[in-house]
Structures are given as C-alpha cells and as structure tokens.
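I have placed the structure first, in the form of structure tokens, so that the comments after it can refer back to it.
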Amino acid sequence: MSSPPRAGQPLAPYEAIVEHAELELELAGRGDVAGLSPLGERWRELERALPEHAPAGAAELLARAALMHERSRIELLRLREAVLSELQTTVRARRAAGGYAGQLRRRPRVDRSA
C-alpha cells in the first residue's frame, strides 16, 4: 500500500499517488485482480487529499501517475481479453465433448432386414 503523505512536504500527496500508481501497475501486470480490488478506494482517498492548487513540480508527478494508471487499465483490458478467450475455448470444448458423448449414448443401428 502507498505510504501516507508526509506533512510539511508540498509534493508528498503527489508522490503518494505515484507510489500508488506504481503498485497498481505492478499488480495489474501480474494479473493480481484480488490485490487490485481494494486499491480503487485508496486512489480516491489520495485524490481527495490533493490541495486545490498544485505546487510547482506537481505536474510532472501527476502526469507520471496518470500514465501508469492508464497502463494499468490497459493491462486489465488485456487480462480481460485473455480470460474471455479462455472462456470461449472452454465453451467450444464443452460443446465438442457433449457432441461426442451424445454419439456414445446412441444405440448402434442394426440392419435386421438381412
């Protein structure tokens, strides 16, 4: 979890956001959705802690945090696509297996006319 902003340091809240964004990106890159889940509220807390007017030097930190936040979003989209792809493969395999199982259950037809 990100360290709390340090009092008396005007860039501390912005540094905390960068640290948080780094953690988000790390977890998203590992596919750790459970670890990411509680971080959304923490991000909002950090945003609320920002002063109304940013001090000099904050713009670079905010840009860096925003970039990492976007990269995390992209990683999560990739993970989502991978999960959906696996799900499709599983559904297709289940259908194929069901088709074969249905053939096994059918009784063989015997030509009794001979």
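The values are calculated or read from the model by the stated rules, or taken from the named source; none is laboratory data. Owing to the predicted nature of the structure, the values given are computational and were not obtained by experimental measurement. Don't worry about glycine lacking a Cβ; one is built from the backbone with ideal geometry, like all the others, and counts go over all protein chains shown.
Quick notes
- Residue within the stretch 83-91 that is at pLDDT below 95 and surrounded by 11 or more Cβ atoms within 10 Å (Cβ to Cβ) present: yes
- Conditions (1) farther than 14 Å from residue 58 by Cα; (2) at pLDDT below 95: number failed by residue 20: (2)
- Options 49, 34, 59: the member that is loosely packed, with under 12 Cβ neighbours inside 10 Å and under 13 Å from residue 11 (Cα atoms): 59
- Taking the stretch 1-91 and the helices (runs of 4 or more DSSP H) fully enclosed by it, the elements with 1 or more residues that are in contact with a His (Cβ under 8 Å, 6 or more places away or on another chain) are at 12-30, 39-48.
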